[in-house]
Structures are given as structure tokens and as C-alpha cells.
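Everything below concerns the one structure shown next.
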Amino acid sequence: MTKIGERAKCPICGESGVVIYRTVITTVKTHEYRYRKLYCYHNKRVGQKQRWHYLTPENLKMLGVRGKQATIQNTIQKKSVSKPRPSLEESLGRDSNPRPTAYKAIALTS
């Protein structure tokens, strides 16, 4: 039985790697979907890049990984693309708190 975070033999390439969760972000129009999926991570070596191999449910059964579900949809976030709409007064160029005119000021003081 392999636990998450332990070294195991990768079922895809056969090399030693670490089974860990990786957050994958998918963007569709203005929505962001975040998924946590289990991958086998291989460190960088001389002449090689770091590699991530996705572990399917069949691969997880072969490894005997215990833990939560392999794919979990965490959150759906909506990106704010546009600026907030101005109020009617701002769009017409009016002040939302108009100051009293000279006529009103005289009328108030007398």
C-alpha cells in the first residue's frame, strides 16, 4: 500500500517517483475550475526535466493508493473581466451630492 507523499514505482514509465496531489486550473470563458488530481512526480536529473504523470483510477488501484478520491472539484470562481458600471449621475457627468447654488445659499441664510 502506497500513501500519498511516499515514493513509488510509476506505472507509466517504471521509474521511481512521488505520488502527490497537484491542482489543475481549467478556464472556460470567465469561469475557473480547480481540480486536485493525483500525479506521480519525477525530480529533475542531469539532462532531464521534471515530469508529472497523471494517475488514472486504474493506476491508483495498481499502486494501492489510499486517500481521498483522485479527482476533486474544489471551487468554481468567476473572473471579474469588466469594470463596475458607473451610476447614472456619474455617466451623465452630474455630481451625486450637488452643492447648493448661490440662490439657495442666500435663501437659507435670510
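Read the figures in this text as sums done on the coordinates, not as results from a lab. Just so you know, these numbers come straight off a predicted model, no measurement behind them. Methodologically, a virtual Cβ is constructed for each residue, glycine included, from the backbone with ideal geometry; neighbour enumeration extends over all protein chains shown.
Which net charge results when you count Lys and Arg as +1 and Asp and Glu as -1 among the other residues whose beta-carbon is under 13 Å from that of residue 40?
Local charge sum for residue 40: +3.
Which ³J(HN,Hα) values in Hz, rounded to whole numbers, follow from the phi angles of the range 12-22 under the Karplus curve 6.51 cos²θ - 1.76 cosθ + 1.60, where θ = phi - 60° and Gly and Pro get x?
Each residue of the range 12-22 in turn: 8, 10, x, 8, 6, x, 10, 8, 9, 7, 9 Hz.
How many nm separate the modelled label positions at residue 26 and residue 46, each set 7 Å beyond the Cα in the direction of the Cβ?
That separation, rounded to one decimal, is 4.1 nm.
Please compute the modelled spin-label separation between residue 61 and residue 4, points set 7 Å along Cα→Cβ, answer in nm with one decimal.
Calculated label separation equals 2.0 nm.
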